[in-house]
Each structure stands twice: as structure tokens, then as C-alpha cells.
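Read the figures in this text as sums done on the coordinates, not as results from a lab. In this text, all values refer to a predicted model and were calculated from it rather than measured experimentally. Cβ sites come from the backbone with ideal geometry, for glycine too, and all protein chains shown count toward neighbours.
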Amino acid sequence: MPPLSPAALILIPHYPQQLYTYVIPESLQKIYAGHMVRVPFGSNVHVGLVAEIIETTETSHLKTIEAIVDESFELPSSMLSLARWMASYYLAPLGTCLQLMLPPMFRHGIKERFMITPLGRMMAAGSGRGRATQHAILTRLQSAKQGLTSQYLRRQFRNRRITPALTALKKYGHIESYVNLPSATQHATRSNNGRIEPSAADEIAHDLLRDASLPSPLASAIRKGRSQTFVLQAPLKCRTGVYLQAIRETIKKRRSCLVIFPHASQARAFSSAIRPYLAGHISDWFGTRTPSHRTSEWYRVQSGDATVVIGTRSSVVSPTMKLGLVIVDEEHDFRHKVDHEPRYHTREIALARASKEMATVILGSLHPSVEAIHMTQSKKAVVVAAPPTKHIQRASTTQPDVSVQCIDMQTVRRAGRIFSEPLLNAIDTRVKNREPVILFQPRRGFSRALWCRD
């Protein structure tokens, strides 16, 4: 039986539907899962992620890994484990799950670039010598300080065979190739101010943040580092104060936090409101940012410079280190569910990740989802209420009493009317007195009309 040889399953970001097997050469035996490597793929060279190390006997038809692109980059083992769980739970390709966790510039694919060598410059200086296509490529590369990609050269020389020419030039040492990989040092100087509108902070009163307190079960779980789930059923302003205090307690334990909202406007308002209290800790993962800016934020979080990630559903797979707290606000909102592959739900990923990394989870909502209620009934989660602040208490004492009258709408429907008689009389009275009337139709869910005739 032939001896087993080490090999690696590689994710190519351009082709995430499957993983590709490559042989690990003896000079690169220190390759681990999570490393970025340079591999030949077709007639090009791509940067891929090592998803798994395996052993195989059939190596004759396999290509070999060329090099480790950046030894300082390594996707954490916890993220690799989470990707495998996602692939199994949602029946999705492992490659598409791993692709979510890469820096944005990696997801778009890192392209190989070609530069001319001193020998190539000598070749280009001898006009008319060598093949015409090779000479034209060398001439074009002489003026390109950063090199050129094969895609660019194909566009410039549409009627010529570029790939064989590049292969020959590289073989004889006239050109050399490299991969311009984004690194932490390239993005370390970028600021994290973000494009936060000052008016967004007005949505949340800062006195509520300052005076909020943590429910004792939640505070105990954070301090002891327990993986426990809490359903926080409270209004938005009360939830925000609890979130801030929970984040503060988590930072004291030298652990990171992840705060997820269903919409970018909500994440922007929360980030702007708590920024005065947590300056320098926040990384924003929402809004329309360039891939370069999102990559810089990815490295800030991965290096530990930013310990509080605030974003929308994609931030659930951010590379936060030593995760201690996960907050999913408005957990009932349907926008937490992704409708393209892999079709995951933010709440489920947050719960799975918190379980693997021993983090506390807060599911916040004034109207918890059916899933959250089921978790509390099956003892998988604990319901907590935000302690009312003095501002909420003061406001409640000044509010007038409101009379509520319940009407059986079945009798109204049988009479062929849409509105009940008491409602019509009340509207008529207000109109005659020139007073305003507001008709509020509460509707949550997806049905435009739901009527029970039983």
C-alpha cells in the first residue's frame, strides 16, 4: 500500500461551491487549517484558505501548494468550527460558509500580478528579439511599477495567447509573479470614526444609558463567564441602557462583545449613542463601505484593537477574539434571516457561536419571537426585564389614565361593517369637537389580513 502523504483541502474564494485538494510539499509542513496559501488553479495562481489537513495516497494527479502567503494570518479555529456547524445545520457547502468569515477583499479573490525582472528588461531592450507576444508583454510591464494582472493583459492583447506567453516568460526568469495580499499593517493606520450622523444619537436619551442597571441574573452570568441565554423583554430605550451596562461588564473581564441589529439605521443610532462611553473600543460593521475599509475593520477586530462590534446580520461571523457577550436586538425581526446561500438565521448562529466560545447571549425584543418563547418554556433561556430607570418612572406618573374597551368584531363583521359602532361614535364625537383621531392597526407577521370566524 502506498504511504500516506499530507494534503490540504483548499477554499478558492472565486469558486466556493467545493473544496480542492492540494499536496503539501516537504518545505511547507507547518501549514495549518486557517492559513492563506498560494496555489495554482487552471492557468492562473489564486490565494486560497486551508480548510482542513488530510492524508491521501493518490497524489500523482494533484497539484502542489506553492507557498504560505502571510504567516501572520490564521483564521481562528473557533471560526472554522462554526463554519463546519453551519454547513451541517443548513446543508450548505462548507466553502460558502468559510467564505463569509474571510476579510472582504479575500472574498472578491486576490489576483496574481506579474512584474518584470532585470533579465526581462534586458530582453525587452533588444527590440525584435524573441516572440512578438512575449516582447509586447515585457514592454508593457516596464512601465508598471506595481505589476499587472493576467486579466488586464488579456484585455490589452485580445487576439493573442497570453497564458502560454506568461508561462514561458516566468519559466525563463523574465518575469516574476506575486500576490498583493491585504495585511494588518496595511490597514492599521485607518481611522474608525465611520460616517455616523450626529443626529442619530438623538434617538436614544443619554440619561437613560447613564442610569440603567443590569438584571442580577444577567450580571452574574457575565461576571462568571457562563454560556447562558437571556430574553430581554423591554422597550428599546430600556434595552439600550442594559446593553451598555452589559458591554461594560464584559470589557472589564477583558472579553469582546458583538451587538447585532436587523437594520443599519438601528446599528448606526446605537453606535453613535454609546460611542462617548466606549471610545476606541467600537468597530462598525454596517452601511455601504468599500471592501478596503471593511477589510481594515476586519483586521482591527481580529487583532483585538476593537472589542465591541456593532453591525447587522453579517457581523455575526466577525473575527472577535475572546467573545464574551452576544446581543441580538429585535430578535423577532425577519431581516435577521439571510435569503441567499448559505441561508442562515442570525439568532441561530449567535446561539451556536456563544455555546462554542462560552459567551452570554441577550435576545432583546419587546415582542419576543415564538422561538424565543419556546426557549424560555423549555428552560433553554431565562426571561429578564430591564429595571425601570427614574426617568421612566417619572414619565409613568405623569401620563393620564387610558380607557380601553374590547369589542367582539365577529358581530360587527356579520353586520357587514368594518368598524364597530362604539368606534364610529367616538370618531364622530372627536371630529365634531375638532380633535385629532389616530387609527392604529397593529400587525406583525406576513399576512395582510387575518380573520378568525370561529
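Projected label points at residue 152 and residue 358, each 7 Å from Cα along the beta carbon direction, are separated by 4.9 nanometres.
A simple charge model with +1 on the Cβ of Lys and Arg, -1 on the Cβ of Asp and Glu and nothing else charged puts the dipole of segment 112-179 at about 240 debye relative to its Cα centre. Dipole orientation for segment 5-107: of the candidates 80, 31, 53, 80 has the Cα lying most toward the positive pole (charges on Cβ; Lys, Arg +1; Asp, Glu -1). Take the Cα of residue 70, go 7 Å toward its beta carbon, and the backbone nitrogen atoms of segment 21-38 under 20 Å from that spot belong to 30-38.
Which FRET efficiency value, to the nearest 0.05, is calculated for residue 335 and residue 279 with the Förster distance at 35 angstrom and r the Cβ-Cβ distance? Could you put the intermediate results ahead of the total?
Numbers: r = 29 Å, r/R0 = 0.83.
Efficiency, rounded to the nearest 0.05: 0.75.
Using R0 = 60 Å, the C-beta based FRET efficiency linking residue 161 and residue 418 works out to 0.25. Considering only 368, 332, 216, the residue lying farthest towards the positive end of the dipole of segment 195-392 is 216, judged by Cα position with unit charges set on Cβ.
Shape of segment 195-392 from its Cα gyration tensor (a ≥ b ≥ c, root eigenvalues): rounded if a/c is under 1.5, otherwise prolate when a/b > b/c, or oblate? Display every interim value, and only then the final one.
Values: a/c = 1.31, a/b = 1.11, b/c = 1.18.
Taking the square roots of the gyration eigenvalues as a ≥ b ≥ c, segment 195-392 is rounded.
If you average the sequence gap of Cα pairs under 8 Å that are 6 or more apart and divide by the length of segment 195-392, what percent do you get for the contact order? All intermediate terms of the calculation are to be shown ahead of the outcome.
Working: 378 pairs, mean separation 65.9, N = 198.
Result for segment 195-392 is 33 percent.
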